[in-house]
1. Filter segment 2-31 down to the residues that are part of a loop (DSSP other than H, G, I, E, B), of a type in the set (A, V, I, L, M) and surrounded by 15 or more Cβ atoms within 10 Å (Cβ to Cβ) and list them by number.
2. Looking at A46, A70, A77, A85, which one is more than 23 Å from Q199 (Cα to Cα) and buried (at least 19 other Cβ atoms within 10 Å of the Cβ)?
3. Can you tell me which residue within segment 156-178, out of those that are among the small types (G, A, S), over 11 Å from A196 (Cα atoms) and in contact with a helix residue (DSSP H, G or I) (Cβ under 7 Å, 6 or more places away or on another chain), is surrounded by the fewest Cβ atoms within 10 Å (Cβ to Cβ)?
4. What single numbered condition from (1) at pLDDT 95 or above; (2) closer than 30 Å to E223 by Cα fails to hold for H45?
5. Name the single residue that is modelled with the lowest pLDDT among those in segment 133-155 being surrounded by fewer than 19 Cβ atoms within 10 Å (Cβ to Cβ) and within 16 Å of A240 (Cβ to Cβ).
6. Search segment 168-187 for residues that are under 15 Å from A201 (Cα atoms) and pair each with any residue that is among the aromatic types (F, W, Y) and part of a strand (DSSP E or B) when their beta-carbon atoms are under 6 Å apart and the residues are at least 6 apart or on different chains.
7. Residues that are at pLDDT 95 or above and crowded, with 19+ Cβ neighbours inside 10 Å: list the helices (runs of 4 or more DSSP H) wholly contained in segment 208-327 that include at least 3 such residues.
8. For Y255, state whether it is under 20 Å from the mean Cα position of the chain (by Cα) and aromatic (F, W, Y).
Amino acid sequence: MSMAIAPTIEEIRAAHANLSRTIRRTPVIEMPVRECDANWTSSSHALLKLELMQVTGTFKARAALNGIMALTADQRAKGVTAVSAGNHAVAVAFAAMSLGVSAKLVMLKTANPLRVELTLGFGAEIEFAEDGKSAFARVQQIEAEEGRYFVHPFEGPGPVTGTATLGLEWFEQCGAMDAVVIACGGGGLLAGVACAMKQLAPSTRVFGVEPIGANGMFRSFQEDRPVTLQSVSTIADSLAPPMTTPYTFSICKRYVERIILVDDESIRDAMKILMYRAKLAVEPAGAVALAGVLTGLREPLQPLGRIGILVCGSNIDARTYCSHINS
């Protein structure tokens, strides 16, 4: 498999300048890791990048905006489409509204109700599908019949350059960190942040964390190729695509040291810690990076001084959130 060409720092800076008129520069808070875990024995500090405070509640606004901004006038006139369990749909709806583009989106019937509400609030048209297979089939039909541009949630230079702006921003706020830890679903977020961080600070170690029930990138690293999963099962539904893809996998393989897996119980524990210690109400995906730090990455990270932890999203309704926190 050939090595994909990663976005350069110059390209990432240009994208960030374009996006900065629409997105937020999300804050970073610093706290001792032992405030999150009394058994942490070293004096490591966590630098929490609060991307849950992004305009759409997740990092995905960066990728969607970067992709739609690159379209020609003719492409914009025909509109865009996408398939999503929720957060990507919210981001595409927001990006389309911001740029005056029509959006017709296909969402799974199981999508969190808050994400559906947000997507409609940004003016998108929604169709619902029973499952991922039928959702992809319908969005391909829309693309073919209406000429709408398909906005991919994670594959290709557009999404990866968009998420790389997060890595650039984080570096500008904190400088070089000893390690950064990032949740992974399809890998667009991990690939983008990793390629920015490793170009700006080559000594920074980059780790990805996936739910054990949606372990596509973990398996891709093992098999050295993109894989398709037969099924997915995790409370972190926004990190559960059915496959990995060539470009994003190649960028992750180049810049990411290791992928580790966390179970749903560890994710719920991390959600509770973020609420009690950092006063942050996050969706399960937003707690996955911290869950990784406190479980499978404890040994390599504990000797380090400054550990970046990405809190990537908060789009969850109150009922579902409380069910996780109270479990």
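The values are calculated or read from the model by the stated rules, or taken from the named source; none is laboratory data. As the structure is a computational prediction, the values presented were derived from the model and not from experiment. Please note: Cβ atoms are built from the backbone with ideal geometry, for glycine as well, and neighbour counts cover all protein chains shown.
1. Keep residues of segment 2-31 that are part of a loop (DSSP other than H, G, I, E, B), which gives 2-8, 20-27.
Subset that is of a type in the set (A, V, I, L, M): 3-6, 23.
Residues satisfying the conditions are A4, A6, I23.
2. The unique qualifying residue is A85.
3. If we filter segment 156-178 for residues that are among the small types (G, A, S), which is where we start, we get 156, 158, 162, 164, 167, 175-176.
Add one more test, that the residue is over 11 Å from A196 (Cα atoms), and what stays is 156, 158, 175-176.
With in contact with a helix residue (DSSP H, G or I) (Cβ under 7 Å, 6 or more places away or on another chain) added as a condition, the list becomes 156, 158.
Values: G156: 16, G158: 22.
Step by step, filter segment 156-178, then rank; the result is G156.
4. Against the list (1) at pLDDT 95 or above; (2) closer than 30 Å to E223 by Cα, H45 comes up short only on (2).
5. K133
6. Short answer, once both residue conditions are applied: V181/F207.
7. Values: elements: 216-223, 246-255, 264-278, 284-294, 298-301, 318-325.
Result: 216-223, 246-255, 264-278, 284-294.
8. yes
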